[in-house]
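One structure below.
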Amino acid sequence: MNPEAFVLAQTAIARPALVPEVPLYLATEVTPIWQATEDWLGEQGIEPPFWAFAWPGSQALARWILDTPSRVAGRRVLDFAAGGGLAAIAAARAGAASVEAAEIDPLAHAATRLNARLNGVTVLEAPGDVVGSAKRWDTVLAGDVCYEAPMTQHIMPWLRRLAASGAEVILADPGRAYVPREGMEPLARFQVPVARELEDREEREVILYRVTA
Ligand SMILES: C[S@@+](CC[C@H](N)C(=O)[O-])C[C@H]1O[C@@H](n2cnc3c(N)ncnc32)[C@H](O)[C@@H]1O
């Protein structure tokens, strides 16, 4: 079974609570799809299948973009750590000049391809690991990327360099432990309904920050 067929077999079309106008291929429970992914890959101890859920970060980014399309219209946009590509799809729908999705999980790219097709938009796959790349985007979206210390330490210096080079870097944080306190300018707040199985609560507040150099 190829990656797209696997995603289709493990998910169903559903609408994220905060962005019901963007249907996506989503899972409802984490354990069965995590187990199925390990079986399909023939590997144990893999990262969770992040791509199968619309995390609160990308829901807030997508809501913000669709409510104010001028934020991204005509701009070159990167959805960094895109998961299933919700923020990328919102940017494409809002009239971005180009949209790339960056991921390290090949199944996330497969999910993003399917989700983009479902929404009738074009999202390009950023090749390889983009962390450290020179600026080639006007706007960089980063939804829910500060949930682990090593990842945060790996990506934040690069996001700040992009901001120093003139990119607008928007980080959407649902209250994760490692989000930096300095050099973050709050732009907007959203209350996002979440699944208790994933978040151990019914709702999370997401703050959209502009990352400064
Ligand atoms: C919590 S998910 C958030 C997905 C999406 N942005 C959202 O808010 O729905 C974090 C994602 O970061 C991706 N990721 C982790 N390290 C990465 C890296 N160095 N480059 C690109 N993606 C990365 C993971 O594969 C995962 O899909």
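The values are calculated or read from the model by the stated rules, or taken from the named source; none is laboratory data. What you are looking at is a predicted structure, and each value in this text was computed from that prediction instead of being measured. Quick reminder, even Gly has a Cβ in these numbers, built from the backbone with ideal geometry, and neighbours come from all protein chains shown.
The table below lists the values:
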quantity: The listed residue being buried (at least 19 other Cβ atoms within 10 Å of the Cβ) and within 15 Å of the ligand (Cβ to nearest atom), out of Pro157, Pro150, Pro174; calculated: Pro174
quantity: Residue among Trp64, Trp40, Trp137 that alone is in a loop (DSSP other than H, G, I, E, B) and either surrounded by fewer than 19 Cβ atoms within 10 Å (Cβ to Cβ) or in contact (Cβ under 8 Å) with a residue 60 or more places away in the chain (or both); calculated: Trp137
quantity: Members of region 1-59 found to be more than 13 Å from the ligand (Cβ to nearest atom), at pLDDT 95 or above and touching an Asp or Glu at 6+ places or on another chain (Cβ under 9 Å), listed by number; calculated: Arg15
quantity: Subset tally (residues that are touching a strand residue (DSSP E or B) at 6+ places or on another chain (Cβ under 6 Å) and either surrounded by fewer than 24 Cβ atoms within 10 Å (Cβ to Cβ) or hydroxyl-bearing (Ser, Thr, Tyr) (or both)) for region 69-84; calculated: 2
quantity: Any chance Ala142 is at pLDDT 95 or above and more than 8 Å from the ligand (Cβ to nearest atom); calculated: no
quantity: Whichever residue in region 160-171 is among the small types (Gly, Ala, Ser) and in a helix (DSSP H, G or I) and, among such residues, is nearest to the ligand (Cβ to nearest atom); calculated: Ala163
quantity: Matching residues in region 117-136 - criterion: being under 20 Å from Ala172 (Cβ atoms) and within 14 Å of the ligand (Cβ to nearest atom); calculated: Val123, Ala126, Val130, Val131
quantity: Qualifying position, being within 7 Å of the ligand (Cβ to nearest atom) and within 25 Å of Ser133 (Cα to Cα), among Ala62, Ala111, Ala81, Ala92; calculated: Ala81
quantity: Of all residues in region 193-213 being farther than 21 Å from Ala27 by Cβ and not acidic (Asp, Glu), the one that is modelled with the lowest pLDDT; calculated: Ala213
